[in-house]
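Engineer: Dropping the structure in here first, questions after.
The values are calculated or read from the model by the stated rules, or taken from the named source; none is laboratory data. Please read these numbers as outputs of a predicted model, since none were measured by experiment. Counting neighbours? That spans all protein chains shown, and the Cβs are built from the backbone with ideal geometry, glycine included.
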Amino acid sequence: MNEHYFTPSPSGAQTRHPVTFRVHGHELTLIAGRGVFSAARLDLGTAVLLRESPVPEQGTVLDLGCGYGPVAIWLAVRSARLLVWAVDVNERARALTSENASAYDLGQRVVVAAPEQVPESLRFDEIWSNPPIRIGKPALHDLLERWLPRLKPDGVARLVVARNLGADSLARWLAERGHQVARSASSKGYRVLEVRPS
C-alpha cells in the first residue's frame, strides 16, 4: 500500500493514540492515528513553527494541512479571539481534528474543512503551515498559489520548511512571484518563512 498523509481517503486500519506536547508552557494531548502526518509525535518542524512564531491576538487564521490539529488547536487555546480554519485533504485528519477540537471545547472556533468547503470569498489574516513538501515541487507550488492569494492585504503566511528539503529555494520562488519573504527564524534545521502579499 503506497499511501501518504496527503491521501484523501486512507484505506489502512486506523490506530489511535495520544500525542502530548508542550510549547511555551502550554501542554496539549491530542489523539492522532495512522494515515495522518507525523502521527507518532509532534513533528519537529511544527514544533519550531509553534515555538518561533507570534500568536495573533484576534482574527481569522488558516491552518493549511492541519493533520490531526496541533497548530489549529494550539492557536485557539492560546488566543480566545481567534477563529481558525483547519483545512486538510485527508478525511481521517479532519475527523481527528474535529474530535480534538471538541475535547478542548473549541468546536465554535476551530472550523474543520476540506479545501473545497472553504468559501471563495473568505480572506485570512494569517496562514500557518508546515506545507507538504513531499507532494513534489509542482503540486506544492500549485497549493501555495491557490492559498496565498487568500491572505488579506496586510496578512502574513508563516511557513516552516526544512533547510535540506528546499526552504531557501522555496523562499526564492515565492519572491520571484512578487511576495515579500523574510526568514523569521531558523532552528533545528528548519526555516520559518514569513510571506506577505506584494
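Engineer: Here are Val110, Val192, Val118: which of them is touching an Asp or Glu at 6+ places or on another chain (Cβ under 8 Å) and surrounded by 16 or more Cβ atoms within 10 Å (Cβ to Cβ)?
Structural biologist: On inspection, the qualifying residue turns out to be Val192.
Engineer: Taking the criterion of being at pLDDT 95 or above and crowded, with 19+ Cβ neighbours inside 10 Å, would at least one residue in the stretch 32-40 satisfy it?
Structural biologist: Checked against the condition, which is being at pLDDT 95 or above and crowded, with 19+ Cβ neighbours inside 10 Å, the stretch 32-40 yields at least one hit.
Engineer: I'm checking my understanding of the structure. Among residues of the stretch 94-135 that are aliphatic (A, V, I, L, M) and modelled with pLDDT under 95, which one is nearest to Leu44 (Cα to Cα)?
Structural biologist: Ile133
Engineer: Out of curiosity, is Ser184 in contact (Cβ under 8 Å) with a residue 12 or more places away in the chain and in a loop (DSSP other than H, G, I, E, B)?
Structural biologist: Answer is no for this residue.
Engineer: So, Ala39, is that one aliphatic (A, V, I, L, M) and assigned to a helix (DSSP H, G or I) or not?
Structural biologist: No, not satisfied.
Yes/no matrix, rows are residues, columns are (1) farther than 12 Å from Pro197 by Cα; (2) without any contact (Cβ under 8 Å) to a residue 24 or more places away in the chain:
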site	(1), (2)
Glu120	yes, yes
Asn130	yes, no
Ile133	yes, no
Pro138	yes, yes
Gly155	no, no
Val160	yes, no
Asn164	yes, no
Asp168	yes, yes
Ala171	yes, yes
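Engineer: Return the total of residues in the stretch 56-86 being of a type in the set (Phe, Trp, Tyr) and assigned to a loop (DSSP other than H, G, I, E, B).
Structural biologist: Result for the stretch 56-86: 1.
Engineer: Taking the residues in the stretch 87-116 that are in a loop (DSSP other than H, G, I, E, B) and closer than 15 Å to Gly33 by Cβ as candidates, determine which candidate is nearest to the chain's Cα centre (by Cα).
Structural biologist: Among residues in the stretch 87-116 that are in a loop (DSSP other than H, G, I, E, B) and closer than 15 Å to Gly33 by Cβ, the one nearest to the chain's Cα centre (by Cα) is Asp88.
Engineer: Return the total of residues in the stretch 42-55 being assigned to a loop (DSSP other than H, G, I, E, B) and either in contact (Cβ under 8 Å) with a residue 12 or more places away in the chain or touching a strand residue (DSSP E or B) at 6+ places or on another chain (Cβ under 6 Å) (or both).
Structural biologist: 4
Engineer: Only one of these is of a type in the set (A, V, I, L, M, F, W, C) and in contact with a Pro (Cβ under 6 Å, 6 or more places away or on another chain): Val89, Val71, Val84, Val111. Name it.
Structural biologist: Val89
Engineer: Can you name every residue in the stretch 137-174 that is in a strand (DSSP E or B), surrounded by 15 or more Cβ atoms within 10 Å (Cβ to Cβ) and not hydrophobic (A, V, I, L, M, F, W, C)?
Structural biologist: Once the filter is applied, which keeps residues that are in a strand (DSSP E or B), surrounded by 15 or more Cβ atoms within 10 Å (Cβ to Cβ) and not hydrophobic (A, V, I, L, M, F, W, C), the stretch 137-174 yields Gly155, Arg158.
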